[in-house]
Amino acid sequence: MTANIHNERIKRAYVIWLREARGFSDSTIVAIERAISLWEEFSCYEDFAKYNQSKAVRFKEWLTERARINGIAGDVTAYHTLRHLKSFFQWLSTQPGFKSRIELDSVSYLSLDKKKVRELMTPKSRDYPWLEYVKSLVSSIDVLTEIDQRDRALIAFLLLSGMRDRAVATLPLGCFELEKLEVSQHPSKGVQTKFGKPMTTYLWKFDEELLSCVLTWPEHLKKERLFGAGDPLFPRSRLVQNPVSLTFNANSVEPVFWKGSGPIREILRNRASRAGLKYYNPHSFRHAASHLALSYCRTPEDFRAVSQNLGHEYIGTTILTYGRLDQFRVAEVISRMDFAPNSTEGITESEALALESILRKARKSC
């Protein structure tokens, strides 16, 4: 079945609107286009104007059957596909030539039942490294080469900054202010942040040894290697061919950014393997940093500061996404709680009321 030319024009207009009016990233737009393509495959590329509620119901059944045949995660795929399609047809219903043909009420049929959505949206327990793990991993690296020094600093930085790996991979040296422990994540400087949002992050002082590993690295790059402000904070390895064995070895770095965050994953995987430790992906270090930081919070201001430091607009995102504890941690926290009468562990009544208010807002914002 060939593509529908009329549909192609509509999709092109929608993509332009998503990019220019809504500011969506290319990766998000690709996911939306994939969802629309599934609808076209189901409808045999008929005009979008022929959409109706009965087809929406049949489409959901088609998605379920497709997932069963292909052995994929049907509910998750269906949820995101329907979410993107609902937005598309809602937009289409406002366009000339479609206003009288697509009813908004029929678009609402592109939904899963509420029980299934709640199951999918319930935060799952995540496995993440703890502070002692990170310290063990870092200390297992003997600094014999410049690569060793970089890897130690990188692993420590992932925990102390809580930054996303893509942002770390694209962070210039000049965006890190050592004296203030301040990291300027600005897309204008080439830093690839989520949604292209500029933010400022301050390193958490979870451990002095880890902090020392981080701080000595940029000083080395500036003084010993004469790196400039626009060069990468974590540069790629420089490969040099051995004239005898003709093999390539990497003992130093060069002022070139990594292409993507894949090398960070490889460094963590290789270093963990050498140390005989479990591998944790880069984003799990962000979860570790969030949990550690939240464990130190006692006042509403503490929670707000942690949330902003993670780059979250809403404190609910921090608490509900990164504040979920695994069962071991729940047992640990409850075992050390003071259940003595009138015990508040130093929290005043006004602070307790403020925290209660924050949690109420967190549930609403998420």
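The values are calculated or read from the model by the stated rules, or taken from the named source; none is laboratory data. Since the model is a prediction, treat every value here as computed from it, not as a measurement. Heads up, the Cβs are rebuilt from the backbone with ideal geometry, glycines too, and the neighbour counts pull from every protein chain shown.
A few points about this structure:
- The set of residues in the stretch 197-209 being part of a helix (DSSP H, G or I) and either in contact with a Ser or Thr (Cβ under 6 Å, 6 or more places away or on another chain) or surrounded by 16 or more Cβ atoms within 10 Å (Cβ to Cβ) (or both) is empty.
- Residue pairs whose Cβ atoms lie under 9 Å apart, sitting 6 or more positions apart in sequence or on different chains, and linking a residue in the stretch 308-321 that is not assigned by TED's automatic domain parsing to the domain that holds Glu182 and part of a helix (DSSP H, G or I) to a partner that is modelled with pLDDT of 80 or more and β-branched (Val, Ile, Thr), are Gln308/Thr200; Asn309/Thr200; Asn309/Thr201; Ile315/Val306; Thr318/Val306.
- Only listed residue being exposed (fewer than 15 other Cβ atoms within 10 Å of the Cβ) and part of a strand (DSSP E or B), chosen from Ala250, Ala229: Ala250
- First in the stretch 257-274 and among the charged types (D, E, K, R), second anywhere and not in a helix (DSSP H, G or I), Cβ under 6 Å, 6 or more apart: Arg269/Tyr279
Conditions (1) in contact with a Cys (Cβ under 7 Å, 6 or more places away or on another chain); (2) at pLDDT 95 or above; (3) surrounded by 13 or more Cβ atoms within 10 Å (Cβ to Cβ); (4) in a helix (DSSP H, G or I), marked per residue:
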| site | (1), (2), (3), (4) |
| --- | --- |
| Val183 | yes, yes, yes, no |
| Ser188 | no, no, no, yes |
| Gln192 | no, no, yes, no |
| Phe195 | no, no, no, yes |
| Leu211 | no, yes, yes, yes |
| Thr216 | no, yes, yes, yes |
| Leu221 | no, yes, yes, yes |
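- Any hit, the stretch 40-57, residues being under 30 Å from Lys197 (Cα atoms) and over 25 Å from the mean Cα position of the chain (by Cα): no
- Against the numbered list (1) in contact (Cβ under 8 Å) with a residue 24 or more places away in the chain; (2) touching a helix residue (DSSP H, G or I) at 6+ places or on another chain (Cβ under 7 Å), Val15 comes up short only at (1).
- Pairing residues of the stretch 128-146 that are in a loop (DSSP other than H, G, I, E, B) with residues that are surrounded by 15 or more Cβ atoms within 10 Å (Cβ to Cβ) and of a type in the set (Val, Ile, Thr), at Cβ distances under 9 Å and at least 6 apart in sequence or on separate chains, gives Ile141/Ile155.
- Counted residues, the stretch 282-301 - those being without any contact (Cβ under 8 Å) to a residue 24 or more places away in the chain and under 22 Å from the mean Cα position of the chain (by Cα): 1
- In the condition set (1) on the phi > 0 side of the Ramachandran plot; (2) of a type in the set (Gly, Ala, Ser); (3) crowded, with 19+ Cβ neighbours inside 10 Å, Ser237 is compliant with all but (1).
- Tally, over the stretch 155-181, of residues that are assigned to a helix (DSSP H, G or I) and closer than 14 Å to Glu219 by Cα: 3
- Among the residues of the stretch 255-270, those that are surrounded by fewer than 14 Cβ atoms within 10 Å (Cβ to Cβ) and part of a loop (DSSP other than H, G, I, E, B) comprise Val256, Lys259, Gly260.
- Tally of residues being modelled with pLDDT of 95 or more and aromatic (Phe, Trp, Tyr) across the stretch 111-154: 1
- Selection status of Val30, of a type in the set (A, V, I, L, M), free of Cβ contacts under 8 Å to residues at least 40 places away in the same chain, under 28 Å from Gln192 (Cβ atoms) and assigned to a helix (DSSP H, G or I): yes
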